[in-house]
1. Of everything in region 30-47 that's open to solvent by less than 80 Å² (accessible area, probe 1.4 Å) and over 16 Å from LYS17 (Cβ atoms), which residue is farthest from the chain's Cα centre (by Cα)?
2. Considering (1) under 16 Å from the mean Cα position of the chain (by Cα); (2) part of a loop (DSSP other than H, G, I, E, B), say which one SER99 fails and leave the rest.
3. Which residue pairs have Cβ atoms under 6 Å apart, sit 6 or more places apart or on different chains, and have a first residue in region 98-125 that is β-branched (Val, Ile, Thr) and a second that is open to solvent by less than 90 Å² (accessible area, probe 1.4 Å)?
4. Counting only residues that are of a type in the set (Val, Ile, Thr) and part of a loop (DSSP other than H, G, I, E, B), which one in region 21-56 is farthest from ILE9 (Cα to Cα)?
5. Among the residues of region 1-20, which ones are open to solvent by less than 50 Å² (accessible area, probe 1.4 Å) and part of a loop (DSSP other than H, G, I, E, B)?
6. For residues in region 85-125 being open to solvent by less than 100 Å² (accessible area, probe 1.4 Å) and among the β-branched types (Val, Ile, Thr), which is farthest from GLU73 (Cα to Cα)?
7. Please list, ordered by first then second residue, the pairs with beta carbon atoms under 8 Å, 6 or more apart or interchain, first in region 65-92 and free of Cβ contacts under 8 Å to residues at least 24 places away in the same chain and farther than 15 Å from LEU114 by Cα, second loosely packed, with under 11 Cβ neighbours inside 10 Å and not hydrophobic (A, V, I, L, M, F, W, C).
Amino acid sequence: LTNAMVSQIFHRQAPLKQASMDKMRRAVPILNNDDLFEMSKPPFRSFDPDIIQEPAIYRLYEVCMHYGESVKEIINEKCGDGIMSAIDFNLSVESKKGSKGEDRIVVTFDGKFLPFSEQRVEEEE
């Protein structure tokens, strides 16, 4: 499990799959069977509008708002008319040193491309 996926599980935005329970138990020994069972239930994925007040989250929102239109155009240019899946999706958050020695953050969104379909009326036979 990635650090982003584990965080999603703890925030109840993704379920812990049966196949990963032993790894989670070893990584976080304080978790008991009841905790793991609760973590395995399908979550109620939601968004708390107050969370936008957290500065780090606001900056991510700001990046999407500022660069979103350009990202959309590049997706369309490279892949056609469609969107990036947030279901068949991987997220990684890393840190690195910049060219001047400063700490930098690298966020990678890796989502499957989903083309829009053309809706058609089926021909009657």
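The values are calculated or read from the model by the stated rules, or taken from the named source; none is laboratory data. None of the values given here were measured: they were computed from a predicted structure. Backbone-built Cβ (ideal geometry, glycine too); neighbour counts: all protein chains shown. For the accessible areas, the whole protein counts, side chains as well, though only heavy atoms, and no ligand, DNA or RNA atoms are used. Shrake-Rupley method; radii C 1.70, N 1.55, O 1.52, S 1.80 Å.
1. ASN32
2. For SER99, the failing item is (1).
3. Pairs that qualify, where the first residue is β-branched (Val, Ile, Thr) and the partner is open to solvent by less than 90 Å² (accessible area, probe 1.4 Å), are VAL107/VAL93; THR108/SER92.
4. Checking each candidate, the answer is ILE30.
5. Correct list: GLN13, ALA14, PRO15, LEU16.
6. VAL93
7. none
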